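Novice: Sharing a structure below in structure tokens format, with a few things to ask.
The values are calculated or read from the model by the stated rules, or taken from the named source; none is laboratory data. The model shown is predicted, which means the values in this text are computed figures rather than measured ones. All Cβ positions, glycine included, derive from the backbone under ideal geometry; neighbour counts span all protein chains shown. Each accessible area value is taken on the protein alone, full model and side chains, heavy atoms only, with ligands, DNA and RNA left out. Shrake-Rupley method; radii C 1.70, N 1.55, O 1.52, S 1.80 Å.
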Amino acid sequence: MIQFDQVEKRYGAHIALQHFSLSIPKGQVIGLLGQNGAGKSTAMKILTGCITPSSGHVFFQGQDILSASQHIRRQIGYLPENAPLYDEMTVQSYLTFACRLKGMPDAQIPAHIREIAEKTGIADVLSRRIGNLSRGYRQRTAFAQALCGNPALIVLDEPTQGLDPVQTAEFRALIRSLGKEHTVLFSSHILPDVEQVCDRAVILHQGKIITDKMLHTRSDKKLRCLIRMGEGRLLPALRTLRHAEKVEALPDHTTGETHVLITAKGDAPIEEELFTLLSSLQAPILRLAPQEDSLEDIFLRAANP
Amino acid sequence: MRAIFRRELQGYFFTPIGYVFVGVFLLLGGIFFGAGNLAERSGNMTYLLRNMSYLWMLLCPILTMRLFAGERSRGTDQMLLSSPVSLTSIVLGKFFAACTVMMITVVLTFTYPVLVILFGKLYFAETAATYLGFILQGGCFIALDILLTSLAHSQVTAAILAFGVNLAVWLSDAVATALHGHVAASVLSFFSLNQRFTPFAMGQISYANLLYSLLFMSAMLFLCVRILNRQRTQEE
């Protein structure tokens, strides 16, 4: 659905994005992670047409966003980092304006606003002035603006910033539910946001993609075990495991036990093979637990390479 | 463009800005009318409108300062830039909204000629021609100040910048007089908005000056679109 092709953005001597290539299929909820200045907002601004890339192309459903930008922008809902709100307007008139900007006929607007207001939980504040709303309602109103015109792609730049834990949880649920009907590109500093909401996480560092990881998959299965046997006998035997990609061992000479970390080939059923092998060696398994790299581990490794 | 126009027009009257502009304009206009027409028992609207034309220079920055600088400081510019509305439509929508507030003010000043009709004699043709020049001059100042607000990042900066440039445009007349005979004087006179108003204030509908005013507004708005487009490309 969206294809960033070797996109670069320079601000004078500073390169905000470099060799940025990313493909986003339809219906995916994708999280952009990175430290401040990593290039997340720049990528989003380019995609939404707020700024243009210095070089490279961005395609939306096969069309270059620069050549067909107005037609494409109709299909994109964008919530910038700073909620774009007019304090003097009521929520209803603000959303009406957002719908008109998307080119919706006036007759369809009231019903559409009611639907969006229900979805985002602002139905009871539609007649209130935005300037008088609490932080949570302001953010919801800005979020509702991004849904106006029922866009195919929703781009959310740090939507949970500044919200309390309850509001954050509600926002996560809302974004997750949007993923059923829309493609969602979403940036955050808060790792659990991305872990709980997204299908895929992309980590940026100094304008480059350094990790692109599918979440909620078992592709990187690792087993951490504690086995009562010396490393000398154990390690050669473990290396014969057919489903093992890598075996690392750390002996504990005081107890005669060995800590082992086994990385499986893909999602292979290595547990059964391991159990049979250790049983034949009469090596008791004292502890066995799956180990997955948390997003936090990946993020911290990426941030401090 | 209609969506932008309607929002901007609402924005003027949902905030004090529209009321301040209309109120201050009518207050100062009333003082000019009282001192120049009522006290002098004069039905000369040309003199009044000539004096009131100074108010465009003073008050147009209030009307335009929020148009782009305000959007930028609130972050709502990103909502507009990511919408399927062209930059030209955004600029025109804002320009026509500001011109509508200006026209509301102008219509309210019709009270003065009505008072003259009731208690004296009004020269309709001369007054109509002067009003046309007066409105065109107001439109030119609005277009110029919209261009300047697109360069600023805060409303205060936009207002100060617009006021300074308006004053310079106004003073260009005096500078041209001082440089009498010099080629620079001809150039300054050609670009002077006050000089363009003079024939209208004499009751003449000058097509050259009419065309000049329309071209001036178009040029300012075109430059504004180019500047916004360049900001989108460069973003500093």
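Novice: Quick one: how many Å² of A:Ser279 are accessible to a 1.4 Å probe, rounded to 10?
Specialist: Near enough 70 Å² of accessible area.
Novice: To the nearest 10 Å², what's A:Cys225's accessible area with a 1.4 Å probe?
Specialist: In the full protein context, A:Cys225 sits at about 10 Å².
Novice: PRE reach from A:Glu296 (point 7 Å along Cα→Cβ): which of the range A:11-55 fall under 20 Å by backbone N?
Specialist: Answer for the range A:11-55: A:31-36.
Novice: Per 0.36 nm of contour for each residue apart, how much would the distance between A:Glu8 and A:Arg135 grow if the chain were fully extended, relative to their Cα-Cα spacing?
Specialist: In short, 42.3 nm is gained.
Novice: A further question on this structure: Assigning unit charges at the beta carbon (Lys, Arg +1; Asp, Glu -1) and nothing else, what dipole magnitude in debye, to the nearest 20, does chain A show about its Cα centre?
Specialist: On the way: 34 positive and 33 negative charges, 92 e Å.
Dipole size: approximately 440 debye.
Novice: Is any helix in chain B, taking whole DSSP H runs, at least 20 angstrom long along its axis by alpha carbon and on average at least 1.0 on the Kyte-Doolittle scale, and which ones?
Specialist: On the way: long enough: B:16-33 (25 Å, 2.21); B:87-108 (32 Å, 2.07); B:124-149 (37 Å, 1.37); B:155-178 (34 Å, 1.42); B:207-234 (40 Å, 0.66).
Counting only whole DSSP H runs, the qualifying helices are B:16-33, B:87-108, B:124-149, B:155-178.
Novice: Now for a separate question. Leaving ligands, DNA and RNA out of it, rank A:Lys222, A:Lys180, B:Lys121 by accessible area with a 1.4 Å probe, largest first.
Specialist: Details: A:Lys222 50, A:Lys180 170, B:Lys121 130 Å².
These residues rank, largest area first, as A:Lys180, B:Lys121, A:Lys222.
Novice: Another question, if that's okay. As a test of the definition: with a 1.4 Å probe, what buried accessible area, both sides summed, do you compute for B against A, in Å² to the nearest 100? Intermediate results must be reported in sequence, preceding the final value.
Specialist: Details: alone 11930 and 15030 Å², together 24380 Å².
Its buried surface, counting both partners, is about 2600 Å².
Novice: Using a 1.4 Å probe on protein heavy atoms, which residues of the range A:68-86 have at least 30 Å² less accessible area in the complex than alone?
Specialist: By number: A:Gln70, A:Arg73, A:Pro84, A:Tyr86.
Novice: Rounded to whole Hz and in sequence order, give me ³J(HN,Hα) for the range A:138-150 from the Karplus expression 6.51 cos²θ - 1.76 cosθ + 1.60, θ = phi - 60°, writing x for Gly and Pro.
Specialist: Per-residue couplings from phi come out as 4, 5, 5, 5, 5, 5, 4, 4, 5, 8, 4, x, 6 Hz.
Novice: Amide H of A:Arg129 versus every other amide H placed in the peptide plane: which residues, excluding those fewer than 5 positions away on the same chain, fall under 5 Å?
Specialist: HN-HN under 5 Å from A:Arg129: empty list.
Novice: Residue-wise, which Karplus ³J(HN,Hα) couplings in Hz belong to the range A:76-86, taking 6.51 cos²θ - 1.76 cosθ + 1.60, θ = phi - 60°, and x for glycine or proline?
Specialist: Going residue by residue, I get 10, x, 10, 10, x, 4, 9, 3, x, 10, 9 Hz, with x marking Gly and Pro.
Novice: With every protein chain left in place, what is the accessible area per residue of the range B:2-235 in square angstrom, probe 1.4 Å?
Specialist: Numbers: 10350 Å² over 234 residues.
Dividing the accessible area of the range B:2-235 by its residue count gives 44 Å².
Novice: Let me check something: with ligands and nucleic acids excluded, how do A:Arg242, B:Arg41, B:Arg66 order by accessible area (1.4 Å probe), largest to smallest?
Specialist: Correct descending sequence by accessible area is B:Arg41, A:Arg242, B:Arg66.
Novice: How do A:Asp193, A:Asp212 stack up against each other in accessible area, from largest to smallest, with a 1.4 angstrom probe? The partial results should precede the final answer.
Specialist: On the way: A:Asp193 0, A:Asp212 80 Å².
Descending accessible area places them as A:Asp212, A:Asp193.
Novice: Also, I was wondering about something else. Residues of chain A: accessible area per residue at 1.4 Å, in Å²? Show your work: numbers first, answer last.
Specialist: Details: 13780 Å² over 305 residues.
Here the per-residue accessible area is 45 Å².
Novice: Also: Set the Förster radius R0 to 51 Å, insert the Cβ-Cβ distance between B:Arg2 and B:Ser186 as r into 1/(1 + (r/R0)^6), and round the FRET efficiency to 0.05. Spell out each step's value before the answer.
Specialist: Numbers: r = 42 Å, r/R0 = 0.83.
The value I calculate is 0.75.
Novice: Any idea of B:Tyr47's accessible area? Nearest 10 Å², probe 1.4 Å.
Specialist: 120 Å²
Novice: Short version: which residues of the range B:62-103 lose at least 40 Å² of accessible area, all chains versus chain alone, 1.4 Å probe?
Specialist: Relative to the lone chain, where solvent access is computed with a 1.4 Å probe, the range B:62-103 loses at least 40 Å² at B:Arg74, B:Thr76, B:Gln78, B:Met79, B:Ser82, B:Pro84.
Novice: Ignoring ligands, DNA and RNA, please state the percent of accessible area on chain A from carbon and sulfur, probe 1.4 Å.
Specialist: Details: 6850 of 13780 Å².
So the carbon and sulfur contribution to the accessible surface is 50 percent.
Novice: Between B:Leu118 and B:His153, how many nm apart are label points set 7 Å from Cα along the C-beta direction?
Specialist: Here the modelled spin labels are 5.2 nm apart.
Novice: Round to a whole number: what % of the accessible area of the range B:2-235 belongs to carbon and sulfur, probe 1.4 Å? Write down the numbers at each step before the final one.
Specialist: Values: 7380 of 10350 Å².
C and S atoms contribute 71 percent here.
Novice: Do you know which residues of the range B:200-236 lose at least 10 square angstrom of accessible area in the protein assembly compared with their chain on its own, with a 1.4 angstrom probe?
Specialist: B:Arg232, B:Thr233, B:Gln234, B:Glu235, B:Glu236
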